[in-house]
Amino acid sequence: MEALYHQCNKHIHDLQSHMGRLETCDRQAVHLVENEIQARIDQIFSSLERLEILSSKEPPSKRQNAKLRVDQLKYDVQHLQTALRNFQHQRYTREQQEREREELLSRNYTTNGAQKKILDVANMLGLSNTVMRLIEKRAFQDKAIMIGGMVVTCVIMVLVFKYLT
């Protein structure tokens, strides 16, 4: 049991030093390093299962101490696995943000985007081109009536001011 315990402890320390490579490796190699680390974690977990079985077969006087040491190793490995998952999540988030940024930068923007969208929605609703032209003509007529009304109101205000003073 002692030899397997020391071997697992050595593997954990090697794994901790190997985790530092994740930060320094390039983007192409990061997947390989992650897979290698995960394989090592799985190997350590299988060794810890054997250690757990062996610790339960220890004499009663040593059993508590052996279980405590195995639990400590398990905690260390779980901590390393959590660190790997956090790194993978941060990498995934960063890659997704870069993809979204590139998508935004490569998007072509056109003028009159709102009018085009309204026309597209109206076409989806089944409005005919004749009805669409009538709506556009009505919008132009409404604008002309508004401008004419403003001019007439200004003229009336000038005339009232001129004759009343």
GNM on the chain, Cα springs under 10 Å; top mean-square fluctuation among Glu98, Glu49, Glu136 goes to Glu136
With a 10 Å cut-off between alpha carbons and a GNM built on the chain, which of Gln81, Gln115, Gln141 moves the most? Gln141
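Give the calculated FRET efficiency between Arg99 and Glu52 to the nearest 0.05, with a Förster radius of 45 Å applied to their Cβ-Cβ distance. Spell out each step's value before the answer.
Values: r = 43 Å, r/R0 = 0.96.
Computed FRET efficiency for Arg99 and Glu52 comes out at 0.55.
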Express in Å², to the nearest 10, the accessible area of Ile53 obtained by rolling a 1.4 Å probe over the protein heavy atoms while all chains stay in place. 90 Å²
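Counting pairs of Cα atoms in the chain, how many percent are more than 19 Å apart? Can you show the working numbers first?
Details: 10120 of 13530 pairs.
Result: 75 percent of Cα pairs exceed 19 Å.
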Could you sort 67-80, 20-33, 144-157 so that the peptide with the highest average Cβ count within 10 Å comes first and the rest follow in order? 67-80, 20-33, 144-157
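Can you tell me the length gained on complete extension of the stretch Ile156 to Ile118, counting 0.36 nm per residue apart and subtracting the Cα distance?
Taking Ile156 through Ile118 to full extension adds about 9.9 nm, to one decimal.
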Roughly speaking, to the nearest percent, how much of the chain's 1.4 Å accessible area is carbon and sulfur? 59 percent
Place a point 7 Å from the Cα of Thr82 in the direction of its beta carbon; the residues of segment 1-42 whose amide N falls under 19 Å from it are 12-13, 15-17, 19-20, 38, 41-42
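Any idea what the relative contact order of segment 17-165 is, in percent, if you count C-alpha pairs under 8 Å spaced at least 6 apart?
On the way: 30 pairs, mean separation 21.1, N = 149.
Once divided by the residue count of segment 17-165, the mean separation gives 14 percent.
The values are calculated or read from the model by the stated rules, or taken from the named source; none is laboratory data. Bear in mind the structure is a predicted one, so any value in this text is a computation, not a measurement. Quick reminder, even Gly has a Cβ in these numbers, built from the backbone with ideal geometry, and neighbours come from all protein chains shown. Surface accessibility is based on the protein's heavy atoms, side chains included, excluding ligands, DNA and RNA. Shrake-Rupley method; radii C 1.70, N 1.55, O 1.52, S 1.80 Å.
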